[in-house]
Amino acid sequence: MKKLPPQQTHPKPQTEARTLRPSITPSQIMRLYEGLKGIFTATPNQWRALFSETEIQLTEPIEASAIADISILFYHLKNNEFIEASKYPSILERVKGFSINGKIATSKQINKPKSENYNFPLIGKNYNNIDKVIASLK
């Protein structure tokens, strides 16, 4: 009896997540948009696309003036369960969610303020405003 060679199995390629798994309503997204004007430059459509339940498809990234603002915003969104995705920095980089001075914010940059600042999330000039906007969504 001949022994058959082991069957080759090809693992299914994992598709990288392209959603933040949001649990935020359209009216909360509009309040977020209104409250964050001046901190982020974006249209309501960009914010809606960012919180897509299926796949984030932004035509242009949301413009931020500081990485700390992005980090703080998503720290609060995650802690308040408006997004489920724990690897949001990688997702944001993959979908080209945010830019600073025209350059896409990387996951390493978004993670940096959390790992290097003892006072995080109480850093930068906008942390208080971002916190208030997120608190107003509840």
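Throughout, read-outs are computed from the coordinates displayed, never taken from laboratory work. A quick note: this is a predicted structure, and the numbers were derived from the prediction, not measured. Every residue, glycine among them, receives a Cβ derived from its backbone with ideal geometry; neighbour counts consider all protein chains shown.
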HN-Hα J couplings of the range 39-54 from phi, Karplus 6.51/-1.76/1.60, θ = phi - 60°, integer Hz, Gly and Pro as x?
9, 10, 9, 7, 9, x, 5, 5, 5, 4, 4, 4, 9, 5, 7, 9
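Hey, got the dipole for the chain? About the Cα centre, +1 on K and R Cβ, -1 on D and E Cβ, debye to the nearest 20? Before the final figure, lay out each step's value.
Details: 19 positive and 12 negative charges, 110 e Å.
Using Cβ point charges on Lys, Arg, Asp and Glu, the chain gives about 520 debye.
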Spin-label model distance (nm) - LYS114 vs SER86, 7 Å beyond Cα toward Cβ:
1.0 nm
Hz values of 3J(HN,Hα) by residue in the range 17-24 - Karplus curve (6.51, -1.76, 1.60), Gly and Pro given as x:
4, 10, 9, 8, 6, x, 9, 10
Please give the contour-minus-distance gain from GLU60 to ARG31: 0.36 nm per residue of separation, less the Cα-Cα distance, rounded to one decimal in nm.
8.4 nm
For the range 103-109, just list the computed ³J(HN,Hα) in residue order, Karplus coefficients 6.51, -1.76 and 1.60, θ = phi - 60°, integers in Hz, with x standing in for Gly and Pro.
9, 5, 6, 8, 5, 4, 5
Using just the alpha carbons, could you tell me how many Å³ per residue the convex hull of the range 26-136 encloses?
96 Å³
Under-5 Å amide H pairs with GLU63, H placed in peptide plane, nonlocal only
THR41, SER99
How many angstrom lie between the Cα centre of the range 23-59 and the Cα centre of the range 95-138?
15 Å
